[in-house]
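The values are calculated or read from the model by the stated rules, or taken from the named source; none is laboratory data. Keep in mind the model is a prediction, meaning the values are calculated, not measured. Here the Cβ is made from the backbone with ideal geometry for all residues, glycine too, and neighbour counts use every protein chain on show.
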Amino acid sequence: MVVSVAGAYRKGKSFLLNFFLRYLNSDGKENWMGEPNDPLIGFQWRGGSERLTSGILIWSEPYIIRNNKGDEVCVLLMDTQGAFDSQSTVKDCATVFALSTMLSSVQVFNITGNIQEDDLQHLELFTEYGRLALQTYEDKPFQTLHFLVRDWQYPYQHPYGAKGGSEILAKRLMINPKQHNELQNLRRHLQECFKVITCYLMPHPGLKVATERDFIGKLSDIDDEFKVQVKSFTESIFQSEHVVIKNINGSDITGKELIEYFKAYLKVYQGSDLPEPKSMLEATSEANNLAAVATAKDFYNKEMEKVCGGDKQYMKMEQLKQEHERWFFAAIKMFKDTRKMGGADFCAVYEKRLEKDLLEMYDAYLKNNEAKNVASALQTPLVLVLLAVV
Ligand code: GDP
Ligand code: MG
């Protein structure tokens, strides 16, 4: 589960993530919010107008929580550079936002005041990607999107929390024939691309949080209503029914596989232009295949280690060949059975690559085995001599 918080800078994203950290560090303690005078630490956050976070940061410690099936799920937290500050170009912002959306399973879109038309347009790039992906994917390409509205000012119209949020969201996402075509399409695409879209209304945290220079995040300096809502929002994100394992094209993604996606997306984003949705989709297909190759190789390696790893005895060549064939075909089958994107010809290239890699691995096992034979041949007379002496 990859939880990302993205949106404009200086709007309390890192501040919020540190509450997520407190929760995840607390091991299910009831009073996880901490002591009134503890400073709030973790991701760097700060008052003033300078930007602190740059690019995408992932908290170095993964946390384990359980989903509603009782499975253990690894959680990664992702902080992002503020979009649309003076130092970033439009490209930087769109890049960070798109990357974090593609890599996360839960995207918290942090906005201030209200959901504006601009905020929705910000999401346009992915809906375009999503539309392309929809033609290849079997499912909606993105998972959960939470609009998190900070400093909500009209609790008497729509109450703080999820209920008021869903009222606002229904209004904002409503498709109205009077709207311009583009606005209607954007709304339609958003709903096609994300499995779950929700909205949560947060109160203002109080003047100390918003304006005081020396504010270090003490709970005692934060308004009570804000604390209530931060607590409930955080708990709902990690509540077992809301745990969302990162899924790409119908497959749950492991940490190891996520790295393949990271690498593939970074390659696409290195060019000088904002990537076309088409190249993002190609990168996804590539990473998808690379991840399947990596998993199949891992499997082959694990099985071969069990029979002829470094700590195992020399094995007859014929027997080693049999073991290789058994696990070679099992690994190829595993690759073939994995749901992949890009079409048959595209995947065939990666299958060839897997075959080649597996044969190279086999070669290394062969050499290793041979070396054991030589070693034992050398050792035998010595052992005999020693025995003779005894
Ligand atoms: P980021 O750039 O979005 O990561 O923002 P930070 O987390 O670094 O916070 C920027 C400033 O906003 C800090 O001074 C926080 O004390 C303050 N802040 C945090 N949460 C809120 C909020 O909900 N509303 C307001 N008005 N300020 C907040
Ligand atoms: Mg920040």
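Below is a table of values for the structure above.
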| item | result |
| --- | --- |
| Enumerated helices (runs of 4 or more DSSP H) restricted to region 167-247, each holding at least 1 residues that are at pLDDT 90 or above and more than 18 Å from SER105 (Cβ to Cβ) | 207-211, 224-238 |
| One residue from VAL307, VAL383 being at pLDDT below 95, surrounded by fewer than 19 Cβ atoms within 10 Å (Cβ to Cβ), touching an Asp or Glu at 6+ places or on another chain (Cβ under 7 Å) and over 20 Å from THR254 (Cβ atoms) | VAL307 |
| Close pairs from region 37-51: first at pLDDT 85 or above, partner more than 12 Å from ligand 2 (Cβ to nearest atom) and among the aromatic types (Phe, Trp, Tyr), Cβ under 8 Å, at least 6 apart | LEU40/PHE19; GLY42/TRP59; PHE43/TRP59 |
| Candidate set: region 201-236, residues that are among the aromatic types (Phe, Trp, Tyr) and near ligand 1 (Cβ under 9 Å from one of its atoms); chosen: the one nearest to HIS146 (Cα to Cα) | PHE226 |
| Condition broken by GLU128, with the remaining ones in (1) assigned to a loop (DSSP other than H, G, I, E, B); (2) over 22 Å from ILE253 (Cβ atoms); (3) acidic (Asp, Glu) satisfied | (1) |
| Within region 155-171, tally of residues that are closer than 13 Å to ILE115 by Cα and surrounded by fewer than 18 Cβ atoms within 10 Å (Cβ to Cβ) | 4 |
| Of residues in region 248-263 being without any contact (Cβ under 8 Å) to a residue 40 or more places away in the chain and assigned to a helix (DSSP H, G or I), the one surrounded by the fewest Cβ atoms within 10 Å (Cβ to Cβ) | LYS263 |
| Scope region 144-164; condition more than 25 Å from the chain's Cα centre (by Cα) and either in a helix (DSSP H, G or I) or over 16 Å from HIS204 (Cβ atoms) (or both); matching residues | LYS163, GLY164 |
| Selection count, region 22-36, where residues are among the hydrophobic types (A, V, I, L, M, F, W, C) and either within 13 Å of ligand 2 (Cβ to nearest atom) or at pLDDT below 85 (or both) | 0 |
| In region 11-33, the residues that are surrounded by fewer than 18 Cβ atoms within 10 Å (Cβ to Cβ) and at positive phi | ASP27, GLY28 |
| Pairs, first in contact (Cβ under 8 Å) with a residue 12 or more places away in the chain in region 165-185, second assigned to a loop (DSSP other than H, G, I, E, B), C-beta under 7 Å, six or more apart | ILE168/ILE115; ILE168/HIS158; ARG172/ILE115 |
| Test: LYS340 is in contact (Cβ under 8 Å) with a residue 60 or more places away in the chain and in a loop (DSSP other than H, G, I, E, B) | yes |
| Test: residue in region 100-109 that is of a type in the set (S, T, N, Q), within 12 Å of ligand 2 (Cβ to nearest atom), part of a strand (DSSP E or B) and at pLDDT 80 or above | no |
| Looking only at region 1-30, and only at residues there that are assigned to a helix (DSSP H, G or I) and of a type in the set (S, T, N, Q), the one that is farthest from ligand 1 (Cβ to nearest atom) | ASN25 |
| Count - residues of region 63-84 that are modelled with pLDDT under 90 and either in contact with a Pro (Cβ under 8 Å, 6 or more places away or on another chain) or of a type in the set (S, T, N, Q) (or both) | 2 |
| Any chance SER60 is away from ligand 2 (no atom under 16 Å from the Cβ), assigned to a loop (DSSP other than H, G, I, E, B), at pLDDT below 95 and under 29 Å from LEU266 (Cα atoms) | yes |
